[in-house]
Amino acid sequence: MLDTIIVLIFIIAAAGVGYEAIDLLPSNLLVQVSNVEAVRFIVASFAAIVGLALGLTAQTTYRRVETRVRNLPVETILTRSVGWILGLLLANLMLAPIFLLPIPERFALVKPMMAVLASVVFSVLGVNLADTHGRNFLRLINPNSVETMLVAEGMLKPATTKILDTSCIIDGRIEELLDTGFLEGQILVPQFVLQELQMLADATNDQKRVRGRRGLDLLNRVQDEYPERITIHPADYDDVATVDAKLVRFALEINGVLLTNDYNLSKVASLQKVEILNVNDLAQALRSIYLPGDTLDVKVIKQGKEPTQGVGYLQDGTMVVIEEGDAYVGKELRAVVTSALQTSAGRMIFAKPQSSAVARGTT
């Protein structure tokens, strides 16, 4: 119903303008027209067609804006509205003295142009500041909220905003972290990270193209599943060349946590006092720890360096060297851990078949 009303308003308005536009023609031309009313209706008909096109465009634009607003969190809408209003108030306060200046009539157009320009600039500035400091805006609006009081008393710390980088998106494990609920707080994807993913997806190199498309697919998937948590942030820095430097600067500006798998970026960001969450470090910390005497199920893949050894791997990639395991190549067995060794290449576990260990213990 609303779509029809929008289109009809444009058609009627355009037709009315076309009907009345005949009066703007010079009188000497109107004298030459035998039937002015017919010309009016012809021009109004063409104007109505133009109005139909404009109405359909306006209706489509309205639906896009409506969809985008529906996907925005209530906090974002509220903070952006506050920022927009503050920007307009500041623009009007700054323009008040300018309108009192004695500007000549020939330059009278300068005043409204400056008013429009200042209103647009300060409105955009207010919205951008609201996106960056939205949480602080909410605390100013409602300083007596329970969350604010607990934060002020030191009993509660608000969840820090997380910033995703390209490597973490392509890696894919961020989706599992979101599904399990271990990752809290708002998650921002800067616009320049999205642009880097698009460049990878459009690359001529097959490997880069696959990685870029994988990242875009995953980002679309998690944004559909968590529309209130995943936000594309419009921040960008034209004076900064690399994406890594932009990420560090953005994290410093909003006091956020950088979520990455890039080792070099982690070191550079840590030197600049940016908090880092590295998914690889998390995976390493959560790897299963087996102590001597523990049992594990493993499939023997191949023979080891020694004639009687068999080699298998756990799901996390840990190598298991099984003594007397050469006879079980291609089979799955239950083994008893005898020792573990941490090397630069990773963790190695030494074990023996459970049946062999039990038989030896009984003798």
Restraint check, 208/273; 267/299; 208/302; 162/267; 267/305; 162/246, Cα-Cα greater than 26 Å
208/273; 267/299; 208/302; 267/305
Counted charge near residue 243, where neighbours are those whose Cβ lies closer than 12 Å (Asp, Glu -1; Lys, Arg +1):
-3
Highest average packing first - 307-318, 240-251, Cβ atoms within 10 Å
240-251, 307-318
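If I take R0 = 25 Å and measure r between the Cβ atoms of residue 35 and residue 13 in this structure, what FRET efficiency does the formula 1/(1 + (r/R0)^6) give, to the nearest 0.05?
Result of the calculation: an efficiency of 0.50.
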Order 332, 225 by their accessible area, 1.4 angstrom probe, all chains in place, largest first.
332, 225
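Sort 83-89, 254-260, 4-10 by the packing proxy (mean of other Cβ within 10 Å over each peptide's residues), most packed first.
254-260, 83-89, 4-10
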In segment 177-247, carbon and sulfur make up what percent of the accessible area (probe 1.4 Å)?
48 percent
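All other residues with a Cβ under 11 Å from the Cβ of residue 301 taken together, and with Lys, Arg as +1 and Asp, Glu as -1, what is their net charge?
Working: positive: 299, 302, 331; negative: 332.
Charge balance near residue 301 sits at +2.
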For segment 196-337, the percent of all C-alpha pairs falling in each 10 Å bin, from 0 up to the bin holding the max distance, is 10, 23, 25, 18, 18, 6, 0
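Express in nm, to one decimal, how much length is gained between residue 267 and residue 209 on full extension, taking 0.36 nm for each residue of separation and deducting their alpha carbon distance.
The span from residue 267 to residue 209 would gain 18.2 nm if fully extended.
Compute the Rg/Rh shape ratio of segment 288-355: radius of gyration over Kirkwood radius, all on alpha-carbon atoms.
With Rg and the Kirkwood Rh in hand, the quotient comes to 0.92.
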Using the Karplus equation 6.51 cos²θ - 1.76 cosθ + 1.60 (θ = phi - 60°), what ³J(HN,Hα) coupling, rounded to whole Hz, does each residue of segment 189-195 give in order, writing x for Gly and Pro?
10, x, 4, 6, 5, 4, 5
On average over all directions, what projected area in square nanometres does segment 148-268 have, based on the convex hull of its Cα atoms?
8.8 nm²
Stokes-Einstein, Kirkwood over Cα pairs, segment 204-254, 10 °C, 1.306 mPa s; D in µm²/s equals 121 µm²/s
Excluding residues fewer than 8 places away in the same chain, name every one of the aspartates and glutamates whose C-alpha is closer than 18 Å to that of residue 331.
297, 323
At 1.4 Å probe size, what's the solvent-accessible area of residue 334? Round to the nearest 10 Å².
120 Å²
Gain on full stretching of the segment that runs from residue 179 to residue 57 - 0.36 nm per residue minus C-alpha separation
40.0 nm
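The values are calculated or read from the model by the stated rules, or taken from the named source; none is laboratory data. Keep in mind that what you see is a predicted model, and the values were worked out from it rather than measured. Using ideal geometry, Cβ is built from the backbone for each residue, glycine included, and neighbour counts are taken over all protein chains shown. Calculation scope for accessible area: heavy atoms of the full protein, side chains included, ligands and nucleic acids excluded. Shrake-Rupley method; radii C 1.70, N 1.55, O 1.52, S 1.80 Å.
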